[in-house]
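Asks: Before I ask anything, let me first share the structure, which is written out below as structure tokens.
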Amino acid sequence: MNETTIVEPAEDLHEPMDDHHGDHDDHHPSDGDYIKIAIGLGILTLIEVGTYFESVHKMPEWLLYVVLIVLMIVKFVIVGLYFMHLKFDSKVYTWMFTAGMGFAIGVYFIMLFAQNFFG
Amino acid sequence: MSAHVAPGMPNYGHNTNTGMSNAKLMMWLFLGSECLLFGALISTYMLYKNRFNDLRDGIPNSGTAPHDVFDIPFTSASSFVLLMSSLTMVLALSAIVRGQEARFRGWTLTTVLLGSVFIASQIYEFTVMVEEGVGYTTNIASSAFFSLTGFHGVHVTIGIIMLMSLFVMNLQGKLKQEHSETVEIVGLYWHFVDIVWILIFTVVYLFPQ
């Protein structure tokens, strides 16, 4: 029968837990890691905004789309993996979220194609 | 069945078929469904963003498109504020997991403050847009824009209310270290509204018009 127990947090979150399970990453980010990740996200945002001003200087439109989409996906994945703990949690959560997102992307891409959005 | 938990997180020993928290599973399922909601709103905006006929006079393209009145530097700043609120949210979770309740309350209040700044900036932006002739019913493009950003704003507001609830519950002694999964679940919602804004900011504001 399962009992409710409290897993004592390690003083250093990098220490592996005694009851850790083998199918997830044991390295849980520290507060310092989170701050570094946030700084990285801020830099990516600055680059994104920079493309807006670059567009004033006639940057090729296809390049602008590529850069913005790549940066958007990178930021999305970083927040999902680290802030939402998908990297350290059960893969079931990842599949559940990815399935919803994949379904949404698929459905709405089909809708946009049907409406001749892409020409 | 043994419970599956991330290191440092409370082990509730879930008596479930999956060995995982049902509440957390429910939140992830909910967020998956929210992808469909925001997918609909974003794709609708993409479809209609160039349809800015003024509905009042029926003359083609006589109206003002939302993208004509965007203030990119201002919106960039508010986007950065929302992004940083994700950091403070995860720091709040980290604090409650360690049992540092005062620090948890501090980071939670900071997250609420940053979220409120974002909402205030959105309201200001909407006010300016209306003053410049782009309102909710001006044209199809503006309707799509305000529907999308308005829905997102409502989600952020609900997140702020949930965070304030956590703060009050902790003050009342009802939210302690062993309840940190509740904070984690609210955090998942908050991070989701942040990543949705990452998509909206790029697609709506930064994509070439």
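Asks: Which one of the conditions (1) over 19 Å from B:Arg105 (Cα atoms); (2) modelled with pLDDT of 95 or more does B:Val130 fail to meet, given that it meets all the rest?
Replies: (2) is the only condition that B:Val130 fails.
Asks: Sticking with this structure for a sec: Name the pairs whose Cβ atoms lie under 9 Å apart, with the first residue in the range B:1-30 and at pLDDT 70 or above, the second in a loop (DSSP other than H, G, I, E, B) and aromatic (Phe, Trp, Tyr), and 6 or more positions between them or separate chains?
Replies: Pairs that qualify, where the first residue is at pLDDT 70 or above and the partner is in a loop (DSSP other than H, G, I, E, B) and aromatic (Phe, Trp, Tyr), are B:Ser21/B:Tyr12.
Asks: Could I ask something else about it? Of everything in the range B:157-189, what is out of contact with any Phe, Trp or Tyr (no Cβ under 6 Å at 6 or more places or on another chain) and small (Gly, Ala, Ser)? Give them in sequence order.
Replies: B:Ser165, B:Gly173, B:Ser180, B:Gly187, listed by residue number.
Asks: Restricting the search to the range B:170-181, which residues are under 21 Å from B:Ser21 (Cα atoms) and surrounded by 13 or more Cβ atoms within 10 Å (Cβ to Cβ)?
Replies: The answer is B:Leu175, B:Lys176, B:Gln177, B:Glu178, B:His179, B:Ser180, B:Glu181.
Rundown of residues vs (1) among the hydroxyl-bearing types (Ser, Thr, Tyr); (2) within 22 Å of A:Ile39 (Cα to Cα); (3) surrounded by fewer than 16 Cβ atoms within 10 Å (Cβ to Cβ); (4) in contact (Cβ under 8 Å) with a residue 60 or more places away in the chain, yes/no style:
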position	(1), (2), (3), (4)
B:Val81	no, yes, no, no
B:Met89	no, yes, no, yes
B:Glu101	no, no, no, yes
B:Leu109	no, yes, yes, no
B:Val117	no, yes, no, no
B:Gln122	no, no, no, no
B:Thr138	yes, no, no, yes
B:Ala141	no, no, no, yes
B:Phe145	no, no, no, yes
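Asks: List, please: which pairs have Cβ atoms under 8 Å, are six or more places apart or on different chains, and start with a residue in the range B:186-209 that is within 9 Å of chain A (Cβ to nearest Cβ) and end with one that is outside any helix (DSSP H, G or I)?
Replies: B:Gly187/A:Met84; B:Leu188/A:Met84; B:His191/A:Met84; B:Phe192/A:Met84; B:Tyr205/B:Phe70
Asks: Condition check: within 18 Å of B:Gly39 (Cα to Cα), of a type outside the set (Val, Ile, Thr) and in a helix (DSSP H, G or I). Does A:Gly42 satisfy that?
Replies: Answer is no for this residue.
Asks: I would also like to ask the following. Being crowded, with 21+ Cβ neighbours inside 10 Å, among the hydrophobic types (A, V, I, L, M, F, W, C) and more than 18 Å from A:Gly100 (Cα to Cα) is the filter here, so list the residues in the range B:31-55 that pass it.
Replies: Residue satisfying the conditions is B:Phe52 alone.
Asks: Sort out which residues of the range A:64-119 are part of a loop (DSSP other than H, G, I, E, B), at the interface with another protein chain (Cβ under 8 Å from one of its Cβ atoms) and not polar (S, T, N, Q), and write them in order of number.
Replies: A:Met84, A:His85, A:Phe88, A:Asp89, A:Phe117
Asks: Any idea which residue in the range B:42-80 is modelled with the lowest pLDDT, counting only those that are of a type in the set (Phe, Trp, Tyr) and within 18 Å of B:Ser147 (Cα to Cα)?
Replies: Checking each candidate, the answer is B:Phe52.
Asks: Applying the selection to the range B:144-168, what residues are of a type outside the set (Val, Ile, Thr) and within 19 Å of B:Thr75 (Cα to Cα)?
Replies: B:Ala144, B:Phe145, B:Phe146, B:Ser147, B:Leu148, B:Gly150, B:Phe151, B:His152, B:Gly153, B:His155
Asks: Conditions first: (1) part of a helix (DSSP H, G or I); (2) touching a residue at least 40 places away in the same chain (Cβ under 8 Å); (3) in contact with a helix residue (DSSP H, G or I) (Cβ under 8 Å, 6 or more places away or on another chain); (4) farther than 30 Å from B:Leu171 by Cβ. B:Asp68 passes all but one, so which condition is the exception?
Replies: (3)
Asks: Let me ask another. Examine the range B:113-123 for a residue that is modelled with pLDDT of 95 or more, at negative phi and in contact with a Leu (Cβ under 6 Å, 6 or more places away or on another chain), and state whether such a residue exists.
Replies: yes
Asks: Moving to a separate point now. Give the residues of the range A:38-54 that are within 8 Å of another protein chain (Cβ to nearest Cβ) and either buried (at least 18 other Cβ atoms within 10 Å of the Cβ) or of a type in the set (Phe, Trp, Tyr) (or both), sorted by residue number.
Replies: If the condition is that a residue be within 8 Å of another protein chain (Cβ to nearest Cβ) and either buried (at least 18 other Cβ atoms within 10 Å of the Cβ) or of a type in the set (Phe, Trp, Tyr) (or both), then A:Ala38, A:Leu41, A:Thr45, A:Glu48, A:Val49, A:Thr51, A:Tyr52 are the ones that fit.
Asks: Within the range B:89-104, which residues are in contact with a Ser or Thr (Cβ under 9 Å, 6 or more places away or on another chain), facing chain A (nearest Cβ under 9 Å) and among the β-branched types (Val, Ile, Thr)?
Replies: B:Val97
Asks: Pick from B:Thr157, B:Thr182, B:Thr111, B:Thr149: which is within 14 Å of chain A (Cβ to nearest Cβ) and either under 20 Å from the mean Cα position of the chain (by Cα) or not aromatic (Phe, Trp, Tyr) (or both)?
Replies: Step by step, each of B:Thr157, B:Thr182, B:Thr111, B:Thr149 is checked, and only B:Thr111 is within 14 Å of chain A (Cβ to nearest Cβ) and either under 20 Å from the mean Cα position of the chain (by Cα) or not aromatic (Phe, Trp, Tyr) (or both).
The values are calculated or read from the model by the stated rules, or taken from the named source; none is laboratory data. Source: prediction; values computed, not measured. Here the Cβ is made from the backbone with ideal geometry for all residues, glycine too, and neighbour counts use every protein chain on show.
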